[in-house]
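Engineer: Below you'll find the structure I mean.
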Amino acid sequence: IKVLELGHTIMGPTAGLVLADLGADVYKVERTGRGDDTRWLKGFGAGFFTYFNRNKRSLSIDLKSAPGKELLLRLIESADVLIENFGPETVERLGVGYETCRGRNPRLIYCSLKGFMPGPYEKRPALDEVVQMMGGLAYMTGPTARPLRAGASVTDIVGGSYGVIGIL
């Protein structure tokens, strides 16, 4: 199974990680020059990149350039799965949204991981901390009347894991 992962930070990389651990050939597509932001975290986040991206191959593509976009579309033609967790409407702006990708590969499984579903917040980017606060998890974790973020990126990890269930 060939997977193209356009994931960054935690949720997308979690989905790619689980598939890689299950034996899929996962290609993590990173932005040219800097790569995934977790490559540069310090302190408690210093191990995020190596942990969430083990068993993957990294590939640097400038998705904002015409040659980069065309390269990705050619890779999509032979992929089984594409995972993305960019902010709202980003893949459409880059020209690699669901309809475009399915046009290049009708059998492609396209997994789009987002913090918010269709509704009043759908255009907002979501961070794990925000979802923990809005969903009530932080209120169960912290002392009375003092919400506290859970120590791990629980909602991102669970969201990525459920993404894999959908892919399977």
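Engineer: In the stretch 55-80, how many residues are basic (Lys, Arg) and either assigned to a loop (DSSP other than H, G, I, E, B) or closer than 23 Å to residue 160 by Cα (or both)?
Structural biologist: We begin by selecting, within the stretch 55-80, every residue basic (Lys, Arg); these are 56-57, 64, 69, 74.
Checking the rest, the ones that are also either assigned to a loop (DSSP other than H, G, I, E, B) or closer than 23 Å to residue 160 by Cα (or both) come to 56-57, 64.
Matching residues across the stretch 55-80 total 3.
Engineer: Filtering the stretch 2-54 down to residues that are outside any helix (DSSP H, G or I) and on the phi > 0 side of the Ramachandran plot, which residue is surrounded by the most Cβ atoms within 10 Å (Cβ to Cβ)?
Structural biologist: Looking at the filtered set, the residue picked out is 9.
Engineer: Could you please give the count of residues in the stretch 117-137 that are assigned to a loop (DSSP other than H, G, I, E, B), open to solvent by 40 Å² or more (accessible area, probe 1.4 Å) and not hydroxyl-bearing (Ser, Thr, Tyr)? If you could, list the steps in order and put the result at the bottom.
Structural biologist: First, pick out the residues of the stretch 117-137 that are assigned to a loop (DSSP other than H, G, I, E, B): 117-127, 136.
Okay, now just the ones that are also open to solvent by 40 Å² or more (accessible area, probe 1.4 Å), so 117-118, 120-125, 127.
Pick out the ones that are also not hydroxyl-bearing (Ser, Thr, Tyr) and you get 117-118, 120, 122-125, 127.
Final tally of qualifying residues: 8.
Engineer: What's the total number of residues in the stretch 68-100 that are touching a Cys at 6+ places or on another chain (Cβ under 6 Å) and more than 29 Å from residue 121 (Cα to Cα)?
Structural biologist: Selection size over the stretch 68-100: 1.
Engineer: Moving on to the next point. All but one of (1) modelled with pLDDT under 95; (2) part of a loop (DSSP other than H, G, I, E, B) hold for residue 106; which doesn't?
Structural biologist: The one condition residue 106 does not meet is (1).
Engineer: Go through the stretch 138-168 and give me each residue that's among the hydroxyl-bearing types (Ser, Thr, Tyr) and either open to solvent by less than 40 Å² (accessible area, probe 1.4 Å) or not in a loop (DSSP other than H, G, I, E, B) (or both). Step through it out loud before you land on a result.
Structural biologist: Our first condition is that a residue be among the hydroxyl-bearing types (Ser, Thr, Tyr); within the stretch 138-168, this holds for 139, 141, 144, 153, 155, 161-162.
Matches in the stretch 138-168: 139, 141, 153, 155, 161, 162.
Engineer: When residue 108 is evaluated against the numbered criteria (1) touching a helix residue (DSSP H, G or I) at 6+ places or on another chain (Cβ under 7 Å); (2) over 23 Å from residue 38 (Cα atoms); (3) open to solvent by 70 Å² or more (accessible area, probe 1.4 Å), which criterion, by number, is the only one it fails?
Structural biologist: Failing condition for residue 108: (3).
Engineer: Hey, another quick one. Using beta carbons and a limit of 6 Å, which pairs, at least six apart or on different chains, have the first residue in the stretch 140-159 and in contact (Cβ under 8 Å) with a residue 24 or more places away in the chain and the second one crowded, with 18+ Cβ neighbours inside 10 Å and charged (D, E, K, R)?
Structural biologist: Partner pairs satisfying both residue conditions: 153/128; 155/128; 156/128.
Engineer: Testing residue 124 on (1) basic (Lys, Arg); (2) under 16 Å from the mean Cα position of the chain (by Cα); (3) modelled with pLDDT of 95 or more, one condition comes back false. Which one is that?
Structural biologist: (3)
Engineer: Return the total of residues in the stretch 81-98 being part of a helix (DSSP H, G or I) and touching a helix residue (DSSP H, G or I) at 6+ places or on another chain (Cβ under 9 Å).
Structural biologist: 4
Engineer: For the stretch 59-95, which residues satisfy the criterion of being touching a residue at least 60 places away in the same chain (Cβ under 8 Å), buried (at least 17 other Cβ atoms within 10 Å of the Cβ) and not polar (S, T, N, Q)?
Structural biologist: Within the stretch 59-95, 72, 75, 76, 79, 81, 82, 83, 84, 86, 91 meet the criteria.
The values are calculated or read from the model by the stated rules, or taken from the named source; none is laboratory data. Just so you know, these numbers come straight off a predicted model, no measurement behind them. As a convention, Cβ positions derive from the backbone with ideal geometry for all residues, glycine included, and neighbour counts pool all protein chains shown. Please note that ligands, DNA and RNA were not included when accessible areas were found on the heavy atoms of the full protein model with its side chains. Shrake-Rupley method; radii C 1.70, N 1.55, O 1.52, S 1.80 Å.
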